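One structure is given below, encoded as structure tokens.
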Amino acid sequence: MKELADGVFMLDGFPPNAINIYLVGETLIDAGTRQAERRIVRQVGGRELRTHALTHAHPDHQGASHAICERFGVPLWCGQADVPAVEHAGGVKNPKAPSWLNKAQERFWTGPPHPVSRALTEGETVEGFTVLETPGHSAGHIAFWRESDRVLILGDVLNNMNVMTGRPGLNMPPDMFTPDPARNRASARRLAALRPALACFGHGAPLRDPDRLADFVGSLPA
């Protein structure tokens, strides 16, 4: 694991920065695909884990959630509007994605359902981070913002890589994985306006350049 800011760690993965998982204090944020259980346990196993929170319920973020919650005996938290997807088999389906892709994700990535102990809403706090509701990529997508040092964990509102090619750089998540792209762009504008000193993405390397983030978001259509 690499410490990015005070008490904020990003777990190692392969390929690096492809599907990111964070440990913030005693809270695991996101859990990768179903295959991520072993790498999470290997890197987090010697530390105290109090809870597990999701930025959203897509299979590359909730895949190992059930396994981790069961193994460590911790509760699962997520955004209020994503609770049904977390608690029911199949998770979030992408109606705009090809059926074969949804089937492949469900077979290899999607984890079992798991009960949600706390539905997170705007303004609540988790490990000193404020919960921000950032819908669009999923109905209940949330981000985590620590104003004291301007650290932002923003899930998939934006990616710092092209998830189709692996090429580094700021991108919007593909429309076929985003039920409401216009709403997601509004969430991106909200987050860029915070001027984060450190932006931590679900996909892509961390970014310590608020101007670059603002310029990219400013170029997006309304």
So, first residue within 16 Å of Ala53 (Cα to Cα) in the range 140-153, second residue charged (D, E, K, R) and outside any strand (DSSP E or B), Cβ within less than 6 Å, six or more apart or across chains; the pairs are Gly140/Asp82
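Could you list all residues from the range 1-40 that are basic (Lys, Arg) and within 28 Å of Ser148 (Cα to Cα)? Lay out the reasoning, then the answer.
Applying the first criterion (basic (Lys, Arg)) to the range 1-40 yields 2, 34, 38-39.
Scanning the range 1-40 gives a single hit, Lys2.
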Tell me, yes or no, whether the range 190-200 has at least one residue that is part of a helix (DSSP H, G or I), crowded, with 18+ Cβ neighbours inside 10 Å and either out of contact with any Phe, Trp or Tyr (no Cβ under 6 Å at 6 or more places or on another chain) or on the phi > 0 side of the Ramachandran plot (or both).
yes
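Does Gly155 satisfy being surrounded by 18 or more Cβ atoms within 10 Å (Cβ to Cβ) and either among the hydrophobic types (A, V, I, L, M, F, W, C) or modelled with pLDDT of 95 or more (or both)? Show your work before the answer.
On the way: surrounded by 18 or more Cβ atoms within 10 Å (Cβ to Cβ): yes; either among the hydrophobic types (A, V, I, L, M, F, W, C) or modelled with pLDDT of 95 or more (or both): yes.
So Gly155 passes the test.
Residues checked against (1) among the hydrophobic types (A, V, I, L, M, F, W, C); (2) out of contact with any Pro (no Cβ under 9 Å at 6 or more places or on another chain):
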position	(1), (2)
Phe129	yes, yes
Thr134	no, yes
Asp149	no, yes
Val157	yes, no
Asn162	no, no
Gly169	no, yes
Met172	yes, no
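Quick one: which of Ala64, Ala81 is of a type in the set (A, V, I, L, M) and either modelled with pLDDT under 95 or surrounded by 19 or more Cβ atoms within 10 Å (Cβ to Cβ) (or both)?
Numbers: Ala81 fails: either modelled with pLDDT under 95 or surrounded by 19 or more Cβ atoms within 10 Å (Cβ to Cβ) (or both).
Step by step, each of Ala64, Ala81 is checked, and only Ala64 is of a type in the set (A, V, I, L, M) and either modelled with pLDDT under 95 or surrounded by 19 or more Cβ atoms within 10 Å (Cβ to Cβ) (or both).
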May I ask you to say which residue of Ala186, Ala222 is part of a loop (DSSP other than H, G, I, E, B) and not charged (D, E, K, R)?
Ala222
Name the pairs whose Cβ atoms lie under 8 Å apart, with the first residue in the range 32-51 and touching a residue at least 60 places away in the same chain (Cβ under 8 Å) and over 19 Å from Glu127 (Cβ atoms), the second of a type in the set (Gly, Ala, Ser) and assigned to a loop (DSSP other than H, G, I, E, B), and 6 or more positions between them or separate chains?
Thr33/Gly63; Thr33/Ala64; Thr33/Gly111; Arg34/Gly63; Arg34/Ala64; Arg34/Gly111; Gln35/Gly63; Gln35/Ala64
Within the range 1-31, can you find the residues that are without any contact (Cβ under 8 Å) to a residue 24 or more places away in the chain and not in a loop (DSSP other than H, G, I, E, B)?
Lys2, Glu3, Phe9
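Residue-by-condition table, conditions (1) among the acidic types (Asp, Glu); (2) surrounded by fewer than 21 Cβ atoms within 10 Å (Cβ to Cβ):
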residue	(1), (2)
Gly7	no, yes
Phe14	no, yes
Leu23	no, no
Leu28	no, no
Glu37	yes, yes
Arg42	no, yes
Gly46	no, yes
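The values are calculated or read from the model by the stated rules, or taken from the named source; none is laboratory data. Keep in mind that what you see is a predicted model, and the values were worked out from it rather than measured. FYI the Cβ positions are ideal-geometry reconstructions off the backbone, even for glycines, and counts take in every protein chain you see.
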